[in-house]
1. So for each of 116-128, 61-73 I average, over its residues, the number of other beta carbons within 10 Å; can you give me the resulting order with the highest mean first?
2. Points 7 angstrom from Cα along the Cβ direction at T193 and E71: gap in nanometres?
3. Could I have the simple spin-label model distance between D328 and Q55, label points 7 Å from Cα toward Cβ, reported in nm to one decimal?
4. I need the phi-derived Karplus couplings for the range 42-49: 6.51 cos²θ - 1.76 cosθ + 1.60, θ = phi - 60°, integer Hz, Gly and Pro marked x.
5. Taking the mean number of other Cβ atoms within 10 Å as a proxy for protection, how do you rank 33-44, 307-318, 172-183 from highest to lowest?
6. May I ask which residue of S7, A22, L58 lies farthest towards the positive end of the charge dipole of the range 6-80, with charges of +1 (Lys, Arg) and -1 (Asp, Glu) on Cβ and the Cα centre as origin?
7. For the range 319-336, just list the computed ³J(HN,Hα) in residue order, Karplus coefficients 6.51, -1.76 and 1.60, θ = phi - 60°, integers in Hz, with x standing in for Gly and Pro.
8. Hey, fewest Cβ within 10 Å first, where do M327, M214 land in order?
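Please treat every number below as a calculation from the coordinates, not as lab data. If you're wondering where the values come from, they're calculated on a predicted model, not measured in any experiment. No Cβ is skipped: glycine too gets one built from the backbone with ideal geometry, and neighbour counts run over all protein chains shown.
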Amino acid sequence: MAKLSPSEYLADWLKEREVYQACNKGSVSYVFPGIGANGGDVILYDEQIEPWGVQHALSAGYQRVSPDEREKICDVFYNLPLVIGDSFYPGSSDKFRTEHGFTYRNTWKPFRRVEPADGVWPDISDTLELYERVTADPAERKFAMQFIAHMIQRPDERPLFGLMINGAQRCGKSLAYHDLPTLLLSQQVYSTTTLSGEPGITGQRSTNNFWNKMLFVADDYNCDRATVADRLKYLVTANNFEVWPLYQSATEIHRAYTRMVLISNHRVPMRFGEDGDNRWFVPAYSHHKLGDTPEGIDETREFCSKLVERWQDPVYLTAVYDYFNSMDLSDFTPNKPMDTPEHRQLLKQSTDQIMDDIRELLGRDETPHLDNGPVVTVWYVCDHLYPNGHKDMEHKAVTKRLGNLGFVKVDKDLPKRFNLNKRRAAFWCMPGDEGNIIDLLDEVSDGLRRVLVGAV
């Protein structure tokens, strides 16, 4: 086989290291990913490529580089993929992908397997025991583990539901559904402990954080705001994410691949909406193997500590990866979560709690009353039930329950002064009062009207 010319050698070397051209504000640079100091990128510009290529060829053992080869070296750089940005194509071996005439760099990273030197694979029964501890029911455990396996086997096929894992503190649930998946997914996981604003999920630029991740994990969260729950419902089932890059005025649309896992210590960590939220798989509440006692916590801590040490072995981790990669998914339903008693109970507690809260509010002495009973607005109910900023509670839920309690809505011919702070107030009262509510409200103070409209 003939020896490669300097330009041919350089072309192979650049391709192997996935070097590409980057277009930025009209100029072109040449990016060498991860070969710089501390794993950073090396960037060259047009005037640097010829001398760099010549020097690299000489350092590789070539005795000389002819003027003709110098031109060919420049041509090699000019023919590198011209990339306009990053995208995320899980499961694809393509390092670069062209769509609609534009080329993007694929940032997805596959798992790196490490074979045992002696050909003997380690026993991973302790990892499987972790899942037995955290998810006791065999059917629920199988489905939860299939959720993880599905990320590995079919990363480009996003399920239409997320995992909601609730259990006692330090029982191993985060280890099973956050720490281990992070290792198996090559660190392509976004983690947060809040769901109410940046760096959570409700901010304007929230999807910037996780559009290019395989997994979103909210650990130790507690969510009682309907706006957050609604945002989660959208993110779980969205086909695409709208991404707003920093320092840019325009948004980008990227296909959604990110799975969602919520982990909580609370019995009722989220208030579900009115639609009987079927976007979550909720296995039974987790407990420590020896009970939720100091002794049980100590036993769990020791077990988990030994397990984390074993995960540091790349061969052991590969064995765990292979287990999930070979798991049977023939009965796994990515479009519909498994129904569980825990989910039904959470749904019942969520909806019943709203009604109980409204009944308690209507019975308070300070709630405005007419002759036939209390008079309120939806704004008033939300403001007073959730005085700490949770007034974005689902208004439809309040409206429905006021109707179920026998209240009627009065919003015709209301004076404009009742529309305060751009809020259009519809008043709710018991039957018999709707005819004189305007006259009665005219008699109350401006302060009380402002309270009812929710403008204080």
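1. Ranking, from highest mean packing down: 61-73, 116-128.
2. 6.3 nm
3. 6.0 nm
4. 9, 10, 10, 10, 3, 6, 9, 5
5. In decreasing order of mean packing, 33-44, 307-318, 172-183 become 172-183, 307-318, 33-44.
6. Toward the positive end, the furthest listed residue is A22.
7. Values, residue by residue: 4, 5, 4, 4, 4, 5, 5, 9, 5, 5, 10, 5, 9, 7, 10, x, 9, 8 Hz.
8. Fewest-to-most Cβ neighbours within 10 Å comes out as M327, M214.
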